[in-house]
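The values are calculated or read from the model by the stated rules, or taken from the named source; none is laboratory data. Note that the structure is predicted; figures quoted are calculated from it, not measured. FYI the Cβ positions are ideal-geometry reconstructions off the backbone, even for glycines, and counts take in every protein chain you see. Keep in mind that these areas ignore ligands, DNA and RNA; they rest on the heavy atoms of the full protein, side chains included. Shrake-Rupley method; radii C 1.70, N 1.55, O 1.52, S 1.80 Å.
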Amino acid sequence: MPSLIIMRHAKAVDRMEAEDDFDRGLTPRGRSDAKRAGDERAAAGLIADTALVSPARRTLETWKAVSHHFPNARVESPTALYHASQEMLERAVTEALDAGAKAIILVGHNPGIGAFAHALAARSEALEGVPYGWPTSAAVAFDLPTPDLSEPVRTFLFNPKAGRD
């Protein structure tokens, strides 16, 4: 059965610390949170054969921090994933599935990535624990029994803010 991991990029430097939004890199906390998120996914046994990663610096750095857990994933970074809407992200995942992907990890930006994560959690009737606002480094995974993403089954949730003071 196909599967999907949805992850927001890790904490990035403030917009005032970079010349361009596209070039914002991760903070030390962002690198730490991304590593934790990757370790949690690995502990849960999640896999990916395809990585759909926004080409922005912060998403690429997030992917780099977790990619060793997905050594065989083929990476695609189309410009269309940069600040993509929920609908655009859903289309990208559907196209990857149609092209033969079996296990996808999607790394992107709010508000689209959070909206997509919440929409699939709602479809799976598994919104409990899904963080409002979809914080940086948050991740959720689903099994996808139907190719149209209409009946996802939530299998994993990582909220980096859970347990923080």
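Restricting the search to strands (runs of 3 or more DSSP E) fully inside the range 61-165 and requiring at least 3 residues that are aliphatic (A, V, I, L, M), within 13 Å of the chain's Cα centre (by Cα) and within 30 Å of ASP20 (Cα to Cα) gives 103-108. Quick check on my filter: what residues within the range 40-67 are modelled with pLDDT under 95 and not small (Gly, Ala, Ser)? Within the range 40-67, GLU40, ARG41 qualify. Considering only residues of the range 62-101 that are open to solvent by 50 Å² or more (accessible area, probe 1.4 Å) and touching a residue at least 40 places away in the same chain (Cβ under 8 Å), which is nearest to VAL140 (Cα to Cα)? Filtering first and then ranking leaves TYR82. Counting just the residues of the range 1-20 that are open to solvent by 30 Å² or more (accessible area, probe 1.4 Å) and not in a loop (DSSP other than H, G, I, E, B), which one comes out modelled with the highest pLDDT? The qualifying residue modelled with the highest pLDDT is ARG8.
Pairing each residue of the range 123-141 that is without any contact (Cβ under 8 Å) to a residue 40 or more places away in the chain with any residue that is charged (D, E, K, R) and open to solvent by 20 Å² or more (accessible area, probe 1.4 Å), provided the two are 6+ apart or on different chains, yields C-beta distances under 8 Å for ARG123/GLU151; SER124/GLU151; SER124/ARG154; ALA126/ARG154; PRO131/LYS161.
The residue that is least open to solvent (accessible area, probe 1.4 Å), among those in the range 21-58 that are in a helix (DSSP H, G or I) and free of Cβ contacts under 8 Å to residues at least 24 places away in the same chain, is SER32.
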